[in-house]
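The values are calculated or read from the model by the stated rules, or taken from the named source; none is laboratory data. Remember, predicted model here, so these are calculated numbers, not experimental data. Note: ideal-geometry Cβ built from the backbone for every residue, glycine included; neighbour counts use all protein chains shown. The protein model used for the area step is the full one, side chains on, heavy atoms only, and it has no ligands, DNA or RNA in it. Shrake-Rupley method; radii C 1.70, N 1.55, O 1.52, S 1.80 Å.
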Amino acid sequence: MTERMPSFVRRLDRAVVIAFACIVLLLILGSLYSSSFLSPEYLLQQLKVASFLGVIATGMMLVILLGQIDLSVPWAVSTGAMMACAAAAYGDVGAAFAIPFGILCGVAIGVVNGLGVAYLRIPSMIMTLATNAVAQGAMVVYTGGFSPQDSATGAMRFLATGSIIPGIPNVVIIWALVGAGMVFVLTRTSFGRCVYGIGNRERAAYLSGINTRRIVMIAFAVAGGLSALGGILLAGYASKAAQSMGDAYLLPAIAAVVLGGTSIIGGRGSYLGTIAGVILITLLQSILSVMQMPEAGRQIIYGLVIIVMLLLYGRTAAER
Amino acid sequence: MKDWRYWLSAQQGTLTAVAIFVVMFVIYTANHPAGFTANVVQTAANKGVLLAFVAMAQTLVVITAGIDLSVGMILLLTNCLASWIVIGTPLETAMGVIAVLLVGALCGAINGAIVIYGRLQPIVTTIATGAVYFGIALLLRPFPGGSVNEDLADALTGRLFGVIPSSLVALAGVVLVVWIPYSRSVYGRAAYAAGSSETAAYMSGMPIRRGKFLSYTLGGLIAAVGGLFLTFFTYTGDAALASGNAYTLFSIAAVVLGGVSLFGGKGSAIGAIFGALAFRTIGDLLFVFDFDPIWQPLFQGLILLVAVSLGAIGLVRVRNRLEWFL
């Protein structure tokens, strides 16, 4: 049976297929509720909303592929956004460097994570929680506990809301570029192969002569930078940064990566799956809010969907 | 007879946590304007005990090499439930308390069942069940409110004989009734063994699955005790997402400070309790030194960062670099 399928179908992961099937199913269910679910405007709008999560989930995927996790996403997102807006307050020069500065702050958080995880061998879960707490504390001190007053620069707003190519929002293009970059790195560079190798067994990767600690460090730095980029885009979208803007992105980012078939213990997963996971999560959230489901119901359905889907294909192999 | 050496090395993390706590608490009370009085101890105990319960719940799961990211949400759910049913005549109140504890245990059992029998990773599983538990809490209490049997609440948050904080007595009670029998039972040992090396535990014929399942269930039960106490302190139920997340986060911090290894198989709930008390005391240190409260989150974060980095000192002793990679 399998042999007769075309090769590109055979190469597809079961998880990716199920995730895409669920997207189609959600769209069909949505269109039964209201016909506007299949309109190009709605779909493009969803793709735009998905792009913010997509950028953040890209970094998360890189870290999860290593068998680690990055729980510092909430405040890496907020720090990126707040620092970029803060730089914007320093006249034209500040505005010009706002976006690189914001990303740099995210990379700095990622570097601290990487140092702790790779060189001090601290479990990533506790290390990234700690840097998250430090970033939060630093931002609370910076803003004095109030919501920040600086607003986003024109460039940030343009990236988040404008469109260079008519009809296609800029954020979607940014996500596509980030995604293409990640696919290239993961499949065509030795760095990408090392990431998969470390995720499978760091010891074996180390014995093969890979500088595993440097790779882990770089991966965390990239993840921090991408989280900050996501925050900067979000700040551009809302015209300003907010204290807790990143909180809503940690769990969806992990869920999107895992629903896309990436193994949470690392070493296995494709970027196509992450794309599917991001769109799936975004559609689910959108449909639940269009149906005016109260927050409580949304949380319950959200959790149940993740568990049911993972029980379908995310189970670890039976031992022994 | 060199047994005490083994005991010492097994209890090393716990003893360190006790030492950290004692030092922090002495600094705290020495600088507190009121000094070492029953009132100061009672307030500190009431603040610390909540986190201690959550940390204990987290420990039971961490010992099996798992992690429970839903522990804060179980706390919220049982808090919201308690604000409905722990009220009325003594009999009704008692039934309410039992129901709340059962619901907590059920939450833990669901986590355990999905992780063990569904073979999903604990991180993702508990993130997802945490969302479900939070949703249910929100259904129970869309807005903060409710009430609780105030006689019981005052009795459990006040002082025994005018000196000993009764919340500490309750904490000791839970340790005696749940932790000690558990850690000495076959299932408790199986949970430790499974956390240390699942394959070796299986080869030795330990009841791994039942041990792990019991750990998750008891974890939920203890989180529910925490939820009850949260209700006793506040007299209300409140499904606040931020507070649930904070309790989950702090529970992990407390567990690490308490010398429990996140890789499993090492540490004790006693250590986690002292880790929790130490963490709370550290947070409160700023107040007695008259710092602007705005610095508190940064200070707590830095302490956490330093504490986990200190754990890396063991790396210096590693002779074979391969031991870096577990």
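About its Cα centre, the dipole of the stretch A:54-276 is roughly 660 debye, where the only charges are +1 on Lys and Arg Cβ and -1 on Asp and Glu Cβ. GNM on chain A, alpha-carbon springs under 10 angstrom: the most fluctuating residue among A:134, A:258, A:63 is A:134. An ellipsoid equivalent to the stretch B:128-177, defined through the eigenvalues of its Cα gyration tensor, has semi-axes of 30, 17, 7 Å when rounded to whole angstrom and sorted largest first. The helix-only estimate of mean residue ellipticity at 222 nm for chain B, built from DSSP H runs of length n ≥ 4 each weighted as -39500 (n - 2.57), is -23500 deg cm²/dmol after division by the residue total. Once you order the gyration tensor axes a ≥ b ≥ c over the Cα atoms, which shape class does the protein assembly as shown get: rounded for a/c under 1.5, otherwise prolate or oblate by comparing a/b with b/c? It is rounded, given that a/c, with a ≥ b ≥ c, falls under 1.5.
Taking amide H atoms as placed 1.01 Å from N in the peptide plane, the amide H of residue A:240 lies under 5 Å from those of A:152, each 5 or more residues away in sequence or on another chain. Averaged over peptide B:136-144, the number of partner chain Cβ atoms lying within 10 Å of each residue's Cβ comes to 3. Its alpha carbons give the stretch B:36-82 an Rg and a Dmax of 13.7, 40 Å. Across peptide A:257-269, the mean count of Cβ atoms from other chains lying within 10 Å of each residue's own Cβ comes to 1. The Cα center of the stretch A:107-184 and the Cα center of the stretch A:241-296 differ in position by 16 Å.
Given the options A:131, A:187, A:153, which has the most mean-square fluctuation in a GNM of chain A, springs set between C-alpha atoms less than 10 angstrom apart? Taking springs between Cα atoms under 10 Å, the residue moving most is A:187.
With the charge dipole of chain B set up from +1 on Lys and Arg Cβ and -1 on Asp and Glu Cβ about the Cα centre, the Cα lying farthest toward the positive end among the listed residues B:118, B:232, B:258 is that of B:118. Subtracting the Cα-Cα distance of residue B:163 and residue B:151 from 0.36 nm times their residue separation leaves 2.5 nm of extension gain.
With K and R counted +1 and D and E -1, the other residues having a Cβ less than 14 Å from that of residue A:76 yield a net charge of -2. Dividing the summed helix terms, -39500 (n - 2.57) for each DSSP H run of n ≥ 4, by the number of residues in chain A produces a 222 nm estimate of -24000 deg cm²/dmol to the nearest 500.
Look at the alpha carbon pairs under 8 Å that are at least 6 residues apart: their mean separation over the length of the stretch B:12-291 gives a relative contact order of 40 percent. For the protein assembly as shown, the Cβ-based charge dipole about the Cα centre amounts to some 2240 debye (Lys, Arg positive; Asp, Glu negative; other atoms uncharged). Along the stretch B:264-280 the Karplus relation, 6.51 cos²θ - 1.76 cosθ + 1.60 evaluated at θ = phi - 60°, assigns HN-Hα couplings of x, x, 9, x, 9, 5, 4, x, 4, 4, 5, x, 5, 4, 5, 4, 4 Hz to successive residues, with x for each Gly and Pro.
For the stretch B:12-291, the alpha carbon convex hull comes to 123 Å³ per residue, rounded to a whole number. Note on residue B:37 and residue A:93: the model spin-label points, each 7 Å out from Cα along the C-beta direction, lie 5.6 nm apart.
Counting Cβ atoms of other protein chains within 10 Å of each Cβ in B:197-204 and taking the mean gives 1. Sparse packing (at most 16 other Cβ atoms within 10 Å of the Cβ) combined with a DSSP loop state is found for the following chymotrypsin sites (Phe, Trp or Tyr not before Pro) in the stretch A:132-163: A:146.
Mean Kyte-Doolittle of at least 1.0 plus a Cα span of 18 Å or more along the axis: flag which DSSP H helices in chain A meet both, please. Result, helices passing both filters: A:14-33, A:40-65, A:73-88, A:91-114, A:124-143, A:170-188, A:212-238, A:271-290, A:295-313. Surface composition of chain B: carbon plus sulfur atoms contribute 68% of the solvent-accessible area (1.4 Å probe, protein chains only, all chains present).
The Rg/Rh ratio for the stretch A:144-293 is 1.02, where Rg is the radius of gyration of the alpha carbons and Rh is the Kirkwood radius. Normalised by the number of residues in chain A, the average gap of Cα pairs under 8 Å and 6 or more apart makes the relative contact order 32 percent.
What shape does chain A take by its C-alpha gyration tensor, where a ≥ b ≥ c are the square roots of the eigenvalues and a/c under 1.5 counts as rounded, a/b above b/c as prolate, and the rest as oblate? In terms of gyration-tensor shape, oblate. The label-point distance for residue A:239 and residue A:21, in a model that sets each label 7 Å from Cα toward Cβ, rounds to 4.6 nm. Computed from label points 7 Å out along Cα-Cβ, the spacing between residue B:95 and residue B:176 is 2.9 nm. If a spin label sat at a point 7 angstrom from the Cα of residue A:293 along the line to its beta carbon, no backbone N atom of the stretch B:99-114 would be nearer than 19 Å.
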